[in-house]
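*Asks:* Got a structure for you, written out below as structure tokens; questions coming shortly.
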Amino acid sequence: MNIAMKTVFTALAGTTLALMPTIAFADEAANSNAANSTLASSSTVNILRDADLPADMWVRENPSGIAVSVRLGRETEVPAQTIENVLRQDFANNQFSNVAFFFEKGTGRFTSVAYHRRDYVDGPYTLPESRREVAQVTGQHQFEMANNLN
């Protein structure tokens, strides 16, 4: 196989693997009533000027919880409500429910997600990465809470 073919194959394989977790968001959007009625879904989610500051403030008042700040990208077609629903379910799958979401409109192309917990902020992550990180962030937070760390 020549170098050009290897490069094309590698690019296609990498793109396919990178997009696989995003398909779950797309499937959720296609099946969601909110996604069918409105793409922006700003009627169900409050879009703030800055999601990080309120997330930090919330976690200070709720140290046992995790605040999620989401910066919506210009090219992200997944509705904000769907992002929240999918991530909330990921937290529930990890036996964690004390979660608050904060959204802002970003200027970048893609959506990013950060997890605020006590004295730490994990991220920012892309949408697919944010789903993979829920278990690690939740486990670390629960470990720190159980051992009275921080």
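Read-outs: derived from the displayed coordinates by stated rules, not from any lab. Every value quoted in this text rests on a predicted model; they were computed, and no experiment measured them. Glycine also receives a Cβ, built like all others from the backbone with ideal geometry; neighbour counts cover every protein chain displayed.
*Asks:* Of the conditions (1) aliphatic (A, V, I, L, M); (2) under 20 Å from Leu48 (Cα atoms); (3) part of a helix (DSSP H, G or I), Ala135 clears all except one; give me its number.
*Replies:* (2)
*Asks:* Let me ask something else. With the requirement that a residue be among the β-branched types (Val, Ile, Thr) and in contact with a helix residue (DSSP H, G or I) (Cβ under 6 Å, 6 or more places away or on another chain), what does region 96-150 give you?
*Replies:* Quick first cut of region 96-150, residues among the β-branched types (Val, Ile, Thr) only: 99, 107, 111, 113, 121, 126, 134, 137-138.
Residues satisfying the conditions are Val99, Thr111, Val113, Val134.
*Asks:* On to the next question. Look at Asp122 and say whether it is within 15 Å of the chain's Cα centre (by Cα), farther than 17 Å from Met57 by Cα and crowded, with 17+ Cβ neighbours inside 10 Å. Give the derivation first.
*Replies:* Values: within 15 Å of the chain's Cα centre (by Cα): yes; farther than 17 Å from Met57 by Cα: no; crowded, with 17+ Cβ neighbours inside 10 Å: yes.
Judged against the criteria, Asp122 is not a match.
*Asks:* Among all residue pairs at least 6 apart or on different chains, which show Cβ distances below 7 Å where the first residue, located in region 59-72, is farther than 15 Å from Glu144 by Cβ and the second is among the polar types (S, T, N, Q)?
*Replies:* Hits for this filter: Val70/Thr111; Arg71/Thr111; Arg71/Ser112; Leu72/Thr111.
*Asks:* Consider only pairs whose beta carbons are under 7 Å apart and that are at least six residues apart or on different chains; among these, list those whose first residue lies in region 87-102 and is touching a residue at least 24 places away in the same chain (Cβ under 8 Å) and whose second residue is among the hydroxyl-bearing types (Ser, Thr, Tyr).
*Replies:* Filtered contacts from region 87-102: Leu87/Ser130; Phe91/Ser97; Phe91/Thr138; Asn94/Thr138; Phe96/Thr138; Asn98/Ser64; Phe102/Ser69.
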